[in-house]
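The values are calculated or read from the model by the stated rules, or taken from the named source; none is laboratory data. These numbers were taken from a predicted model, which means no experiment stands behind them. Virtual Cβ from ideal backbone geometry, glycine too; neighbours counted across all protein chains shown.
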Amino acid sequence: MAKIVFNKGAVYELITSPEIMADITRRAEAIADAANADGHHVVHVEIGKRRPRAAVVTADFKAARAEANRQNLTRALGAGRG
């Protein structure tokens, strides 16, 4: 059986490339847009220690209340799948 050895530097370079970062940003913004019916959500995109990540968070009390009562942001997660 063959042993696969990944080049960690090349993998990190790939996942932090502008194309991947643009895709992550696009997906996070799609989730935020889908959840913005009753409040405001903001997108934070950054490169962490090991990989890029995005977060969609409530920006104000109105959006936090909508998430607590109606789970707008939770239900909008499917918008980031495509």
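With the requirement that a residue be more than 24 Å from Ile24 (Cβ to Cβ) and surrounded by fewer than 11 Cβ atoms within 10 Å (Cβ to Cβ), what does segment 69-82 give you?
We begin by selecting, within segment 69-82, every residue more than 24 Å from Ile24 (Cβ to Cβ); these are 69-70.
Asn69 - this is the single residue of segment 69-82 that is more than 24 Å from Ile24 (Cβ to Cβ) and surrounded by fewer than 11 Cβ atoms within 10 Å (Cβ to Cβ).
Please go through segment 51-68 and pick out each residue that is of a type outside the set (A, V, I, L, M, F, W, C) and either surrounded by 14 or more Cβ atoms within 10 Å (Cβ to Cβ) or farther than 30 Å from Lys8 by Cα (or both). Give the derivation first.
Of segment 51-68, the ones of a type outside the set (A, V, I, L, M, F, W, C) are 51-53, 58, 60, 62, 65, 67.
Those that are of a type outside the set (A, V, I, L, M, F, W, C) and either surrounded by 14 or more Cβ atoms within 10 Å (Cβ to Cβ) or farther than 30 Å from Lys8 by Cα (or both): Pro52, Thr58, Asp60, Lys62, Arg65, Glu67.
Please work out if Ala28 is surrounded by 12 or more Cβ atoms within 10 Å (Cβ to Cβ) and touching a helix residue (DSSP H, G or I) at 6+ places or on another chain (Cβ under 6 Å).
Numbers: surrounded by 12 or more Cβ atoms within 10 Å (Cβ to Cβ): yes; touching a helix residue (DSSP H, G or I) at 6+ places or on another chain (Cβ under 6 Å): no.
Taking the combined requirement at face value, the residue does not satisfy it.
Out of all the residues in segment 13-35, which are in contact (Cβ under 8 Å) with a residue 24 or more places away in the chain and closer than 13 Å to Leu73 by Cα?
Correct list: Ala28, Ala30, Ile31, Ala32, Asp33, Ala34, Ala35.
Would it be correct to say that Gly48 is under 27 Å from Val11 (Cβ atoms) and in contact (Cβ under 8 Å) with a residue 40 or more places away in the chain?
Numbers: under 27 Å from Val11 (Cβ atoms): yes; in contact (Cβ under 8 Å) with a residue 40 or more places away in the chain: no.
It is false that Gly48 is under 27 Å from Val11 (Cβ atoms) and in contact (Cβ under 8 Å) with a residue 40 or more places away in the chain.
Looking at the structure I just gave you, is Arg53 part of a helix (DSSP H, G or I) and not hydrophobic (A, V, I, L, M, F, W, C)?
On the way: part of a helix (DSSP H, G or I): no; not hydrophobic (A, V, I, L, M, F, W, C): yes.
No.
Residues checked against (1) of a type in the set (A, V, I, L, M, F, W, C); (2) in a loop (DSSP other than H, G, I, E, B); (3) farther than 18 Å from Gln71 by Cβ; (4) at pLDDT 95 or above:
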{"residue": "Phe6", "(1), (2), (3), (4)": "yes, yes, yes, no"}
{"residue": "Gly9", "(1), (2), (3), (4)": "no, no, yes, no"}
{"residue": "Tyr12", "(1), (2), (3), (4)": "no, no, yes, no"}
{"residue": "Asp23", "(1), (2), (3), (4)": "no, no, yes, yes"}
{"residue": "Glu29", "(1), (2), (3), (4)": "no, no, yes, no"}
{"residue": "Ala34", "(1), (2), (3), (4)": "yes, no, no, no"}
{"residue": "Ala37", "(1), (2), (3), (4)": "yes, yes, no, no"}
{"residue": "Val43", "(1), (2), (3), (4)": "yes, no, yes, no"}
